[in-house]
Each structure stands twice: as C-alpha cells, then as structure tokens.
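Below: one structure, written as structure tokens.
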Amino acid sequence: MVSEVQNKCRILVVQNHEEASAGLPEELGALGHDVVATCARDEALARTDFDQFDLIVSDLDDHESSRAEVVEAFKLGVTSSRSRRVAAELHDIIERTLAFRIRRTAALERPIHGREKIDLELPSDLTLMNAVLEYLLNRVDRLGLIKTEQSNLFVALDEAFVNAVKHGNRNDPTKLLRVTAELSAHEAIFTVEDEGDGFDVREIPDPTDPANLFKSSGRGVLLIYNIMDEVEYSERGNRLKMVKRPEAAPPIG
C-alpha cells in the first residue's frame, strides 16, 4: 500500500467492455492510488486533465466495418515526467495490471481473429521485465503456434530488454522503454525502443572471434540473431525489430 498522499499516482483505465475491465480499477485503487475508469475512448481523450494522469491503461478492440481484420489492442503507458522519476511507485501498478489482464483473458478465452497489438511504455527498470516477459509469452502461448520454451523466445526478449535499459537508456529512470508486440496466426513481431543515443550494430565485436573469447559484449545480440527469424536495427540503433514465426511442420513420410 502507498502510505503517503504525495506518492499517489493518477491512473486512467480506458476499456470498451465493462466485463473485461471489471475489477481492475478496484485492484489498482487498493494500492492507494487515484483511479478513474471509463469505457469510452472519445470520452477519455476529451478530458481536460488527460495529460495529468501518470499512467494510462487501455484495452480496446477495433471493430471498424471497413476493415477486414480485427485488432485487439492493449496499451499501458507512462505519461508524466513525475512518473518517470518515481519508477518504484509504478512497479506494483504495472505488475498488477499485467497479471490482472492475464487472469481476465484466460477467464474470457476466445480465439484470436485477425491480430493482437500490445503497446507498453515503461520506466527503465529491469525489475519490471519479468512481469512484461511473462505477459508477452502468455499472449504468444495463446496462439499455440510458437512453442515459447523450445524457441528460446524468452532469452531473445530478455536480451533485448536488458540491452535497451542498460546500454541504451543507461539505467536512467527518466528515460522510457517502449515495447510493441503484434501477434497473429502467422508470426510474432516485437519492437523494443529506448531513448538512448543509439549505436552501430556493425561495431559490436564478433563474439565468435577467438580474440574476443573473454569479452561479454556482443553475445546478447548474437543470441537474438540466432533465435529470431528476422532481426532489424534502426539506422540510429535505438530501435530493434524482431520477428518469430512458427517452425515449419516436418515432412510426412
């Protein structure tokens, strides 16, 4: 529980379906924070105090008739500079939000039609990463096409997060980590972006070179390249895109 009034965070929960959001405002409010809930996207955006919330949690479905696919979007974002400075206050909130959504999704289990998009904007705090990894792997497991344990997906994502927080943002709590996952029946696309100065991936020492045998730098990047099907760094080097696809079925006979 948060014992001091000045440590309260303002949280806005925006979700289309009352059934899906039931319980989340109460659970977050039990931590001692100020929670506002709405089921209307336009109503949330029209609030005059929208930019004064420390955290925005939204769980919205896009059912536009003009589109052939359905996009189930979940977003969790830190919005204020104050929240960046007090990452410790957000730790329990973020962990509980992700754990709550795992429980609720399991209770309302339904097959994915189209694709699911997850956007997370988090403080540079490695202690949050286990909760984020558990959540993302849970969503991939739901598809049933990529066996997360056998694919070493955990290792690749963990390396990407650690590199972004430690080497990109230099463990600076005022800088954010943005994680996006786009999941479909065909592939899982992950993007990890930091607010650091970036780097040139071509300048990383080759860890397979005997001359670099005892150097730790570069091994995480090598693991990511070996585990994922596609790996692409932005020109600046602060955004990493990774694609993982289901393994092809073995030939019959």
* Restricting the first residue to region 192-204 and requiring it to be closer than 17 Å to Arg219 by Cβ, which pairs with a second residue that is in a helix (DSSP H, G or I) and of a type in the set (Val, Ile, Thr) meet a Cβ separation below 8 Å and a spacing of at least six or different chains? -> Val201/Val221; Ile204/Val221
* Members of region 41-55 that are in contact (Cβ under 8 Å) with a residue 40 or more places away in the chain and surrounded by fewer than 19 Cβ atoms within 10 Å (Cβ to Cβ) -> Gln52
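Can you find even one residue in region 65-75 that is of a type in the set (Asp, Glu) and either surrounded by 15 or more Cβ atoms within 10 Å (Cβ to Cβ) or at pLDDT below 70 (or both)?
The answer is yes, given that some residue of region 65-75 is of a type in the set (Asp, Glu) and either surrounded by 15 or more Cβ atoms within 10 Å (Cβ to Cβ) or at pLDDT below 70 (or both).
The values are calculated or read from the model by the stated rules, or taken from the named source; none is laboratory data. Given the structure is predicted, the values throughout are model-derived calculations rather than measurements. Cβ: placed from backbone, ideal geometry, glycine included. Neighbour counts: every protein chain shown.
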